[in-house]
Each structure stands twice: as C-alpha cells, then as structure tokens.
Amino acid sequence: MSAIQIHVDSDRDVLIGISGALNHATWTALRYRCRDLEDIRVVRVDLAAVTSIDSAGIGSMLMIKDCVEKKNGKVVLVGAAKNPNVDHIIKLAHLDKIFTIE
C-alpha cells in the first residue's frame, strides 16, 4: 500500500512524500493532486520511503514533471539513493538525465 503526503510552504515550494510502492494507484492519486498545484517554484519528490517502482510509477514522475514545468516550476527527486532498488530503476530508466537528483 502506498501513501502520499503533500506539503506546500510559504514560498510555494512543494514536498511530495511517497511511501510504499510507486505504481498505478500512486499515479491515479497524483494525477488529481497535480492539477491543484499552481504558481509552484520547486517540487521535491521524496523517494526515500519508496519500496518499489513500476512503469506506472515512472509515468507518474514524468507526469509531475510535465505538470510543474508547464507552470514554469522545477522538479527535484530526493532520497532515491537510500534504496538501491529505487536508485537502480531511476538510472535504468535514465530519469537521472531528465530530473535533478539530490
């Protein structure tokens, strides 16, 4: 089971915390929440508690990137290195070439 937490600070920076699997269920939840994010400067997607990523999970990260960049924001992936499997998937899918990784 996955959980998503979204925190928006006073500078309009967003932290999206995801725990559990990053999969189709996560994609569905993020799709609706992404539309609500306006005037965003930076979105940090915290992957430290993600246990696995499938193709829909990769798609959800790309969807967030597309949504945020349309509003002139930037997406940063954080915490992926804490799980070797997640880090491997990010590199295998070449997400490290299109996202800023912290």
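The values are calculated or read from the model by the stated rules, or taken from the named source; none is laboratory data. Given the structure is predicted, the values throughout are model-derived calculations rather than measurements. Cβ: placed from backbone, ideal geometry, glycine included. Neighbour counts: every protein chain shown.
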Residues ARG35, ARG44: which one is under 19 Å from ASP66 (Cβ atoms) and at pLDDT 85 or above?
ARG44
Do we have HIS24 as in contact with a strand residue (DSSP E or B) (Cβ under 7 Å, 6 or more places away or on another chain) and either surrounded by fewer than 19 Cβ atoms within 10 Å (Cβ to Cβ) or on the phi > 0 side of the Ramachandran plot (or both) here?
no
So, in segment 66-83, of the ones that are among the basic types (Lys, Arg) and under 14 Å from ASP39 (Cα atoms), which residue ends up modelled with the highest pLDDT?
LYS74
Identity of the residue in segment 48-102, of a type in the set (Lys, Arg) and in a helix (DSSP H, G or I), that ends up surrounded by the most Cβ atoms within 10 Å (Cβ to Cβ):
LYS65
